[in-house]
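Derivation of every value follows stated rules applied to the coordinates shown; laboratory data play no part. Since this is a predicted model, take the numbers as computed values, not measurements. A quick note on method: Cβ atoms are made from the backbone with ideal geometry, for glycine too, and the neighbour counts reach across all protein chains shown.
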């Protein structure tokens, strides 16, 4: 992780003065990338302005074709209900829906997840997987989650594809808590809590950047707060659906 002295604040481009590494500037190619793909919030409409072929080509060039196809080949093409029980909708976003579910014996055997505090409890993110663009966005999101490796953050355990419905189910750790939007609406935060949340969120962002990943969709709804009443609360950045891998441009 690089320290704050090795970063620059670009409030002229990025809302709320998001911190990006100094090394992101000074090269024409990267400056263009930052202005077009990172600094400005990227809408789903804007993504569609590029052809699906261009999006697939861009993803392969950034992540590496071998890594890209290796991940896609690891997906399990089958109905999600064969692997998970008690699938319950808990939230919806612009690009998918989040469910809470419990893995059955078949699911645990298929995923073989490392031990984690929630046992058989997982989060499932249901997204479209019925076009090359949808596949590209999903694989980019998973690869970026895997590359970030945040100490306290989203973990990826597997992906199930329902070919009959054209939907993908991404298996992640279930995060118990409130998003920041709900926190500020329902909880009167102390100055210490506000400072603690801001500091931990800043470190999460910088840690993502240290791995070459820019989130591009930082907002209160995508910031989860766990154990708010304790001194060991965590601030977790979620939903990497619009994230971008810029590490090839920083070398």
Subject >> Pairwise FRET efficiency - residue 210 versus residue 78, Cβ, R0 = 35 Å, nearest 0.05 >> reply: 0.45
Original post:
Taking the highest mean first, how do the peptides 136-146, 67-77 order by number of other beta carbon atoms within 10 angstrom per residue?
Top reply: 136-146, 67-77
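Using the eigenvalues of the Cα gyration tensor, what equivalent ellipsoid semi-axes result for segment 178-249 when each is taken as the square root of five times the eigenvalue, whole Å, largest first?
Details: eigenvalues 125, 33, 15 Å².
Its equivalent ellipsoid spans semi-axes of 25, 13, 9 Å.
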**OP:** Can you tell me what the convex hull of the Cα atoms of segment 70-173 projects to on average, as an area in nm²?
**Re:** 6.6
**OP:** Translational diffusion coefficient, Stokes-Einstein: compute it for segment 101-251 using the Kirkwood radius over C-alpha pairs as Rh, at 20 °C and 1.002 mPa s, and state it as an integer in µm² s⁻¹.
**Re:** 128
**OP:** Scale the Cα Rg of segment 77-117 by the rule-of-thumb value 2.2 N^0.38 Å and send over the ratio, two decimals.
**Re:** 1.30
